[in-house]
Amino acid sequence: MKLNFQFPTGSVKHWDTWIGAHEFAEIAVVAEASGFDIVSTTDHPFPSEEWLVGGGHHALDPFVALSFMAATTSRIRLLTFILVAGYRNPYTTAKSAASLDLLSGGRLIAGMGAGYQANEFDVLGASFDDRGPRFDEAIVAMQEAWTGEVIDREGPFFPAHGHRMLPRPAQRPGPPIWIGGNSKASIRRVAELADGWLPFEQSAAMSAITNTPALQIDQLAERIDQIRDMRSVLGRSADFEVCFTPTARRDSDETADAVAQQIGPLSEAGVTHISVESKTRSMDACLAEIELLGTRLAGVGTVG
């Protein structure tokens with residue numbers, strides 16, 4: 001079982017007081033030293049005040065943030081968790097991803113999702129109503145661009161004729177793409193197009209906020225088996241990564257205890273990574289939490 005540390009989204013709103021005298025990249029340095037396998041940041045370029053008041057959050061630009069983390073580390077992987085596909089043209093996304101993957105020595109994981117914030121789509125000039133089919137085609141367009149070959153492709157959204165993207169990413173044929181969300185469409189994309197799944201534990205109440213279906217730990221095994229069967233039918237490998245996010249807790253000791261207890265059942269269900277969503281209220285607390293989790297969870301063989 002491997003471990004991902006999610007940068008706390010609540011920190012961005014209170015950045016000056018949250019960060020204190022520290023540097024942002026210290027998070028990745030300490031996470032790598034503590035045995036974490038992945039560090040991640042999320043994506044909300046210009047959220048609406050209505051959503052923020054209702055429980056939403058701000059975010060750093062994921063490619064900029066992960067670049068700072070990459071520059072100060074050598075092993076830990078870098079995950080966009082999650083990058084909203086429709087907010088950017090897929091060729092722009094492919095260029096950013098390829099650049100970060102190359103310069104980090106092949107450490108990027110492109111965690112992506114369809115998105116659900118109509119107001120944010122609108123203000124960014126992105127198309128909301130057909131975001132699903134656009135997402136499907138964006139994945140294929142990105143993967144083709146990463147080949148470094150001259151592209152000649154049709155399609156309703158992202159045709160390209162006589163264009164080439166260089167440099168290629170370090171990972172071949174490209175960075176792995178993991179799909180975020182609990183929906184049927186997310187499960188289908190993992191089966192048909194992607195390399196991994198980013199489900200998260202969610203109550204019915206939270207489902208109303210995030211607009212993705214509720215999911216409990218005891219339902220995971222059935223969903224994972226479903227994806228395996230779908231991939232096999234399509235002639236794809238039944239093996240894929242599953243990075244599951246349990247419900248976040250504010251107390252670091254409680255988080256460590258809960259994750260340690262969940263490792264066995266999650267592993268049996270087919271989960272390959274556990275993602276810890278930090279709720280720390282300062283950089284000092286964040287660094288202390290990373291060290292605590294690394295020590296506690298490494299002690300039961302969960303990291304690395």
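The values are calculated or read from the model by the stated rules, or taken from the named source; none is laboratory data. Computed from a predicted structure; not experimentally measured. Cβ coordinates were reconstructed from backbone atoms using ideal geometry, including for glycine residues, and neighbour counts include every protein chain displayed. Side chains included, ligands, DNA and RNA excluded: accessible areas come from the protein's heavy atoms. Shrake-Rupley method; radii C 1.70, N 1.55, O 1.52, S 1.80 Å.
Quick check for you: with a 1.4 Å probe and neighbouring chains kept, what is the accessible area per residue of the chain, in Å²?
It amounts to 44 Å² per residue over the chain.
Sorting check: for 31-41, 134-144, 260-270, which peptide has the highest mean count of neighbouring beta carbons within 10 Å, and how do the rest follow?
Result, highest mean first: 31-41, 134-144, 260-270.
Rounded, prolate or oblate: which fits the stretch 30-123 when a ≥ b ≥ c are the square roots of the eigenvalues of the alpha-carbon gyration tensor, with rounded for a/c under 1.5 and prolate only if a/b beats b/c?
Taking the square roots of the gyration eigenvalues as a ≥ b ≥ c, the stretch 30-123 is oblate.
Under 5 Å between amide hydrogens, which residues at least 5 positions from residue 112 or on another chain qualify, with H placed 1.01 Å from N in the peptide plane?
83, 178, 179, 180
From the C-alpha gyration tensor of the stretch 1-295, pull out the three semi-axes of the equivalent ellipsoid (sqrt of 5λ each), sorted largest to smallest, in whole Å.
In descending order, the three semi-axes are 28, 22, 20 Å.
Hey, can you grab everything whose amide H is under 5 Å from the amide H of residue 275? Only 5+ residues off in sequence or another chain; H modelled, so Pro and N-termini drop out.
4, 244, 245
Can you give me the angle between helix 252-269 and the longest principal axis of the chain, using Cα atoms only, in degrees from 0 to 90, rounded to the nearest 10?
50 degrees
Given Cα pairs under 8 Å that are at least 6 residues apart, what percent is the relative contact order of the stretch 1-295?
Computed over the stretch 1-295, the figure is 21 percent.
Roughly how many Å is it from the Cα centre of the stretch 212-228 to that of the stretch 147-194, as a whole number?
Value for the Cα centre distance between the two parts: 25 Å.
Can you give me the P(r) profile for the stretch 189-304? Cα pairs, bins 10 angstrom wide beginning at 0, each as a whole percent.
In order of increasing distance, the bins hold 13, 38, 33, 14, 2 percent.
Under the rule of at least 5 residues apart or a separate chain, name every residue whose amide H is placed under 5 Å from the amide H of residue 249.
Sorted by chain and number, the residues that satisfy this come to none at all.
Quick one: what are the phi-derived ³J(HN,Hα) couplings along the stretch 154-167, Karplus 6.51/-1.76/1.60 with θ = phi - 60°, whole Hz, x for glycine and proline?
8, x, x, 10, 10, x, 8, 9, x, 10, 9, 10, 9, x
Would you mind checking the tilt of helix 62-71 against the longest principal axis of the Cα atoms of the chain, expressed as 0 to 90 degrees and rounded to 10?
Long axis of 62-71 versus the principal axis of the chain: about 60 degrees.
Quick one: with all protein chains in place, what share of the accessible area of the stretch 1-295 is carbon or sulfur, to the nearest percent (1.4 Å probe)?
C and S atoms contribute 52 percent here.
Helix 131-145: angle to the longest alpha-carbon principal axis of the chain, degrees 0 to 90, nearest 10?
That helix lies at roughly 80 degrees to the long axis.
Given only helices, namely DSSP H runs of n ≥ 4 each adding -39500 (n - 2.57), what is the per-residue ellipticity at 222 nm of the chain, to the nearest 500 deg cm²/dmol?
-12500 deg cm²/dmol
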